[in-house]
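Trainee: I am attaching a structure below and will ask some questions about it afterwards.
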Amino acid sequence: MEIPLIKMEDIHKWFDRTYALRGVNFEIYKGEVVGLIGSNGAGKSTLIKILSGVFPPSKGRIFYHDEEIEIKTPKDAIDLGIETVHQDYSLVGERNVAQNIFLGRELVRSAGFIKVLDTQKMEEVASQKVRELGLNISSPTQEVRFLSGGERQGIAIARAMLFKATLVILDEPTTALSVKGCRQVLDFISQLKKNDIACIFIDHNIGRIFPLADRFVVMSHGQIIENVLREDTSVEEIEDLLVSC
Amino acid sequence: MNSKKLKLFFVDNMIWVILLGVFLFFGIIKPRTFLTFQNVHFILYVSSMMGFLVFAETICLLSGNFDLSIGEIAGFSAMVTAVITVKSGLPGYLGIILVVLIGGLCGAFNGLLVGKIRLNPFLVTLGTSIMFDWLTMVVRRGSVLGLPAVYLAPGGARVFGVYLAIFILLGFAILLAFVLAKTIWGSNLYSVGGNIEATRRCGINTDKVVFSAFVVAGMLAGISGLLYTGYMGVATSNLADGTVFMAFAGAVIGGVSLTGGRGSILNALGGTLLLGIIEAGLTMMAIDPAWQGTFTGVLVLVAILLNQSRQILRDRILMGEM
Amino acid sequence: MKITVISVLLWKLETILLLKSLKLDEWWIWGVDGLVIGAVESTALIPAVEYAKEHNVPVITANVDIYSPDVLLYIGFLGFESGKILAEEIVKYLRDEVEPIGEVKGTVLEIRGTMGSATGEDRHNGFVSVLDEYPEVRAITVVGDWDMAQAKTAAETVLRAYEVDTIYGDNGPMAMGAVGAIEALGKNPQDYFVATIDALPEVLEAIGEGKIDVALDQPCPFYTPLAVYYLVEFLEKGEEALPKPGDIVTAEDVNIEGKIHQGVDIWAHDEMWAPAPVVETEYGHPWMQTRGILVTKDNYTLESLWANFELEEW
């Protein structure tokens with residue numbers, strides 16, 4: 001039997017006295033695309049924030065390739081190859097496109113006995129990546145706060161793509177996007193799949209994402225209520241599930 | 001594109017235009033004393049101490065924090081170092097290292113409380129400013145005389161007729177500008193100040209960045225204390241008291257954002273020098289000190305207003321509206 | 001009577017405001033029989049004095065007065081008078097030493113303490129009350145906020161723009177700052193007449209070197225002992241024991257056993273504070289006006305000057 005890339009066991013999360021997750025078991029395999037579905041407040045965002053190290057679980061265990069690990073900080077997650085595109089993109093508005101893409105993983109070169117930022121290289125790579133994604137951004141030195149929601153999304157995705165990831169998490173990646181932008185995101189997800197990179201995404205538009213996912217996980221009130229392969233279900237069935245809970 | 005770059009260059013460096021304007025204004029009023037090399041030399045010199053406090057505040061502001069305690073750190077580290085140096089006969093150059101070290105330690109205390117324990121920087125540094133202020137009195141009430149010449153040199157000695165403090169001020173301005181623009185630490189500092197949560201999510205240890213910002217601010221305040229001591233030739237127990245708001249003013253006039261993530265050290269230097277010019281100009285006019293203080297406030301406000309419009313202009317240029 | 005002294009440092013405005021907000025009730029719980037207050041500012045603590053009165057706790061002010069009729073006695077030096085005395089010294093210098101000799105003509109740089117502080121205002125007002133009578137004297141006023149560095153910068157700025165004959169500092173550090181400014185300009189402080197209030201250790205040294213010409217020293221070490229003495233007198237013998245307006249308090253009137261402090265018996269030098277005339281203040285309480293002493297090159301080594309015996313760790 002194949003070992004899951006990541007396995008979460010009996011995960012609980014509470015904030016003060018509110019329960020966000022109550023005993024969630026979740027796993028994802030290499031190259032698998034999982035659609036995480038549920039109404040607002042179901043616990044989807046909490047689950048992926050635990051995976052990306054925004055906060056630790058209150059209780060529960062996480063395994064990476066069958067080895068128990070702790071994800072205490074975003075850095076721990078990134079070191080495991082978990083790249084996350086958060087709903088609010090997590091970009092620094094005052095910094096430019098290249099600086100945002102390389103935030104936390106800046107390229108340096110030696111200048112005498114000290115290491116200085118290799119700004120030129122970073123801007124080149126950023127330009128190239130932005131072009132590949134078909135984003136309409138004129139210069140890598142443009143400040144991010146002047147960009148549209150779709151463009152920001154693109155930069156967050158470019159950041160996730162640029163570094164060797166084993167799992168990419170997308171939190172509502174298409175919400176702010178135009179039709180064209182949506183298609184780009186969907187293309188990106190299928191590219192990940194081709195490269196054997198696992199992907200979890202949250203999206204409300206089930207019809208749009210249905211063909212992409214290998215498996216759907218439906219959450220409600222902090223618990224997983226359905227875990228079903230695409231071939232065993234249909235758009236209607238999942239929509240019914242969402243309405244009923 | 002090129003005209004856009006030119007416009008950007010202009011608005012980004014507007015403080016220097018304001019500076020020149022104010023300088024010429026006083027120059028017209030008092031041409032014989034104001035428009036001289038000696039006067040420029042003098043203004044640069046007396047701005048050097050405040051300059052380091054402005055640098056310290058700028059580093060803190062860039063990281064999205066405040067430091068109300070820098071003036072008191074300057075006073076405290078200068079006093080402790082002076083007492084130790086004189087009592088133990090420490091060589092002057094070790095005293096110079098010590099004053100920076102103590103400043104850094106004070107900053108580390110702030111940094112620990114703000115960065116690690118995540119207390120509000122305003123409240124923390126309000127508390128520590130009172131604490132350092134009075135600790136200085138615990139160490140000694142009065143002046144410390146008889147400091148070694150080497151220790152007094154950075155703030156008081158001249159090289160080829162030019163005060164050493166001016167070279168130190170300009171040298172540090174260039175050094176800090178380089179560090180902010182060209183190193184990972186500098187880049188992280190801006191990012192933390194711009195959006196700390198986003199920066200944290202990119203795997204950066206933001207606690208450490210904030211901590212280090214306070215440490216660096218403390219060290220710069222220590223250097224300010226060193227320069228103040230050299231300037232006076234003695235260490236006094238109220239050294240640099242009450243300077244913190246002018247340090248804020250210098251940074252903000254120089255275009256450093258109070259909300260973090262935006263600003264440049266060279267422009268902050270421009271803000272400092274502008275304050276120095278205003279003070280010298282108004283003092284030379286020999287008007288009632290109460291009016292002088294009032295005019296200083298007005299000029300600071302005007303400079304901040306101009307700077308605010310600069311920010312709006314800059315955004316419009318960047319969005320391609322101009 | 002056994003006396004326990006609780007010292008509370010009221011130095012900065014913040015401390016005063018803090019104590020005000022503490023409701024002060026706490027103090028009486030400790031069983032305080034009397035208060036000696038050396039305030040910073042003369043009005044902030046008026047409510048505290050009224051509160052003390054309500055609770056029958058006598059208050060004597062020292063060094064800085066509090067403008068309340070409920071104060072029993074104020075012991076202090078006349079800031080106004082000290083500014084006046086030094087202005088007179090400056091007038092004398094301008095008349096006798098500055099061309100044209102015999103006429104009072106020249107430029108005076110006054111470095112003020114913090115504007116609005118009781119001490120600063122008193123000294124400044126006394127100073128200008130004399131100079132105002134001499135229209136030929138130009139007075140340039142800058143604020144040094146009691147701070148040496150600030151005073152040095154302000155003095156140097158003025159010295160760059162004007163020919164100055166004499167400099168007056170509202171306190172010692174600011175006068176020292178002015179001396180530093182003269183030296184920074186490559187000039188000789190001996191060429192300027194520098195006058196200041198308070199003879200700090202460094203001021204005495206500067207007087208010895210001829211950099212400062214005259215300092216007016218207050219009898220600081222005597223204030224609180226005198227205040228405590230009269231507080232005890234009051235508690236033991238009542239109002240009768242206190243000096244009244246019109247009296248002149250002499251050294252013989254005060255019976256304090258000599259005690260060596262820091263190697264000096266200050267009571268051997270009563271002439272530094274006595275005789276002290278007592279007047280009625282406009283705030284409705286008596287004021288014992290202690291003397292001060294003019295320190296010049298002739299007497300700066302006098303051992304009874306506080307700066308000469310408390311040099312270390314003051």
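Every number in this text was worked out from the coordinates using simple rules, so none of it is lab data. What you are looking at is a predicted structure, and each value in this text was computed from that prediction instead of being measured. Positions of Cβ are generated from backbone atoms using ideal geometry, with glycine treated the same way; all protein chains shown enter the neighbour counts.
Trainee: Calculate how steeply helix C:148-161 sits against the longest principal axis of the alpha-carbon atoms of chain C, using the helix alpha-carbon long axis, and give the answer as 0 to 90 degrees to the nearest 10.
Mentor: Taking Cα atoms only, the helix is inclined about 30 degrees.
Trainee: Order by neighbour count: A:S244, C:S68, fewest other Cβ atoms within 10 Å first, most last.
Mentor: Numbers: A:S244 8, C:S68 21.
Ordered by Cβ neighbours within 10 Å, fewest first: A:S244, C:S68.
Trainee: Residues in the range C:180-215 near a label at C:V279, defined as backbone nitrogen under 19 Å from the 7 Å Cα→Cβ point?
Mentor: The answer is none, because no backbone nitrogen lies closer than 19 Å to the label point.
Trainee: Another question, then. Given the options C:I75, C:I207, C:I101, which has the most mean-square fluctuation in a GNM of chain C, springs set between C-alpha atoms less than 10 angstrom apart?
Mentor: Judging by the Gaussian network model, the answer is C:I101.
Trainee: Nothing charged except the Cβ atoms of Lys and Arg (+1) and of Asp and Glu (-1): what's the magnitude of the dipole of the range B:231-322 about its Cα centre? Round to the nearest 20 debye. Let's see the in-between values first.
Mentor: On the way: 4 positive and 5 negative charges, 64 e Å.
The dipole of the range B:231-322 has a size of about 300 debye.
Trainee: Here's a follow-up. What residue among A:V116, A:V85, A:V144 shows peak mean-square fluctuation when chain A is described by a Gaussian network model with Cα springs under 10 Å?
Mentor: A:V116
Trainee: Quick one: what are the phi-derived ³J(HN,Hα) couplings along the range A:83-95, Karplus 6.51/-1.76/1.60 with θ = phi - 60°, whole Hz, x for glycine and proline?
Mentor: 9, 10, 9, 6, 4, 8, 6, 6, 10, 9, x, 6, 9
Trainee: List the residues whose amide H sits under 5 Å from the amide H of C:A274, counting only those 5 or more places along or on another chain, with H placed 1.01 Å from N in the peptide plane.
Mentor: C:R291
Trainee: Only bridges with both residues in chain C count here: give the DSSP antiparallel percent, nearest 5. It would help to have the intermediate numbers written out before the result.
Mentor: Values: 9 of 36 bridges.
Taking every DSSP beta bridge with both residues in chain C, the antiparallel ones total about 25 percent.
Trainee: Which order do the peptides C:222-229, A:22-29, B:272-279, C:191-198 come out in when sorted by mean C-beta neighbours inside 10 angstrom, highest first?
Mentor: Numbers: C:222-229: 21.2, A:22-29: 17.6, B:272-279: 25.0, C:191-198: 22.9.
Put in order of decreasing packing, that is B:272-279, C:191-198, C:222-229, A:22-29.
Trainee: Something else now. So who's got an amide H within less than 5 Å of the one on A:V108, skipping anything under 5 residues away but keeping other chains? H placed 1.01 Å off N, in plane.
Mentor: A:D118
Trainee: Here is a follow-up. According to the Kirkwood expression over distinct Cα-Cα pairs, how big is the hydrodynamic radius of chain A, in Å? Provide the component values of the computation, followed by the final result.
Mentor: Numbers: mean 1/r = 0.0531 Å⁻¹.
Kirkwood radius, chain A: 18.8 Å.
Trainee: Give me the distance between the Cα centres of the range C:118-148 and the range A:35-112, rounded to whole Å.
Mentor: Here the answer is 66 Å between Cα centres.
Trainee: In addition: Counting DSSP beta bridges in the protein assembly as shown, what percent are antiparallel, to the nearest 5?
Mentor: On the way: 39 of 84 bridges.
In the protein assembly as shown, DSSP labels about 45 percent of beta bridges as antiparallel.
Trainee: On to the next question. Can you tell me, using C-alpha contacts under 8 Å and at least 6 residues apart, the relative contact order of chain C as a whole percent?
Mentor: Over chain C, the number comes to 16 percent.
Trainee: Turning to a different aspect of this structure: What are the ³J(HN,Hα) couplings of the range B:180-191, residue after residue, when phi is run through the Karplus curve with 6.51, -1.76, 1.60 and θ = phi - 60°? Round to Hz, x for glycine and proline.
Mentor: 5, 8, 10, 10, 4, 4, x, 4, 5, 4, 4, 5
Trainee: With runs of 4+ DSSP H residues as the only contributors, calculate the mean residue ellipticity of chain A at 222 nm using -39,500 (n - 2.57) per run, divided by the residue total and rounded to the nearest 500. Mind showing how you got there, number by number?
Mentor: Values: 8 runs with 77 residues, N = 245.
So the calculated ellipticity at 222 nm is -9000 deg cm²/dmol.
Trainee: Residues of the range A:1-27 with the amide nitrogen closer than 18 Å to a label point 7 Å from the Cα of A:I225, along Cα-to-Cβ, please.
Mentor: Counting only backbone N, you get A:19-26.
Trainee: Counting pairs of alpha carbon atoms under 8 Å apart in space and at least six apart in sequence, what relative contact order in percent does the range C:79-217 give?
Mentor: This gives 24 percent for the range C:79-217.
Trainee: For A:E27, enumerate residues with amide H under 5 Å from its amide H, sequence gap 5+ or separate chain, H modeled in the peptide plane.
Mentor: Amide H neighbours of A:E27, under 5 Å, 5+ apart: A:M8.
Trainee: I'd like the FRET efficiency for C:H55 and C:L302, computed as 1/(1 + (r/R0)^6) with the beta carbon distance as r and R0 of 41 Å, rounded to 0.05.
Mentor: 0.45
Trainee: Return the percentage of antiparallel bridges among DSSP beta bridges fully within chain A, rounded to the nearest 5 %. Please report the intermediate quantities before stating the final value.
Mentor: Details: 27 of 45 bridges.
Antiparallel: roughly 60 percent of the beta bridges in chain A.
Trainee: Under a crude label model (7 Å from the Cα following the beta-carbon direction), how far is B:I304 from B:I174 in nanometres?
Mentor: My value for the distance between the label points is 3.3 nm.
Trainee: Grab the beta carbon distance between B:F167 and A:D10, set R0 = 51 Å, and tell me the FRET efficiency rounded to 0.05. Working shown, then result.
Mentor: Values: r = 64 Å, r/R0 = 1.26.
For R0 = 51 Å, the calculated efficiency reads 0.20.
Trainee: Further question: Taking the beta-carbon count within 10 Å as an exposure proxy, list C:L200, B:L269, B:L20 from fewest neighbours to most. Numbers along the way, then the final one.
Mentor: Details: C:L200 22, B:L269 28, B:L20 13.
The fewest-first ordering by Cβ neighbours comes to B:L20, C:L200, B:L269.
Trainee: Next question. When a footprinting reagent is the concern and you count Cβ atoms within 10 Å, what order do B:D12, B:D67 take, fewest first? Don't jump to the answer; show the numbers that get you there.
Mentor: Numbers: B:D12 16, B:D67 32.
Lowest count first: B:D12, B:D67.
Trainee: Over the alpha-carbon set of the range C:79-217, work out the extent along each principal axis and list the three values in angstrom, largest first.
Mentor: For the range C:79-217, the Cα spread along each principal axis is 35, 34, 28 Å.
Trainee: On to the next question. Whole-Hz Karplus ³J(HN,Hα) for the range C:177-191, in order, using 6.51 cos²θ - 1.76 cosθ + 1.60 and θ = phi - 60°, x for Gly and Pro?
Mentor: x, 5, 4, x, 5, 4, 5, 4, 7, x, 10, 9, x, 5, 7
Trainee: In the structure displayed, which of A:K7/A:K75; A:K59/B:K208; A:K49/A:K193; A:K193/B:K182; A:K49/A:K194 lie more than 29 Å apart, Cα to Cα? It would help to have the intermediate numbers written out before the result.
Mentor: Details: A:K7/A:K75 19 Å; A:K59/B:K208 27 Å; A:K49/A:K193 22 Å; A:K193/B:K182 37 Å; A:K49/A:K194 25 Å.
Listed pairs above 29 Å: A:K193/B:K182.
Trainee: Assuming R0 = 56 Å, can you tell me the calculated FRET efficiency for the pair A:E237 and B:V138, based on Cβ-Cβ distance, to the nearest 0.05? If you can, show how the numbers build up before the last one.
Mentor: Values: r = 75 Å, r/R0 = 1.34.
The calculated FRET efficiency here is 0.15.
Trainee: Taking every residue in C:141-153, how many Cβ atoms of other protein chains lie within 10 Å of its Cβ, on average? Write out the running numbers ahead of the final one.
Mentor: Numbers: counts 6, 5, 6, 1, 4, 3, 9, 10, 15, 7, 1, 4, 12.
For peptide C:141-153, the averaged partner shielding equals 6.
Trainee: Here's something else I'd like to know. What value, in deg cm²/dmol to 500, does the helix sum -39500 (n - 2.57) over DSSP H runs of n ≥ 4 give at 222 nm once divided by the residues of chain B? If you can, show how the numbers build up before the last one.
Mentor: On the way: 15 runs with 246 residues, N = 322.
For chain B, the value works out to -25500 deg cm²/dmol.
Trainee: Follow-up. Picking from B:L62, B:L282, B:L53, which is most flexible by a Gaussian network model of chain B using Cα springs under 10 Å?
Mentor: Per the Cα network of chain B with a 10 Å cutoff, B:L282 tops the list.
Trainee: How high is the relative contact order of chain A, in percent, counting Cα pairs under 8 Å that sit 6 or more residues apart? Each step should come with its number before you reach the end.
Mentor: Details: 452 pairs, mean separation 66.3, N = 245.
Worked out over chain A, it gives 27 percent.
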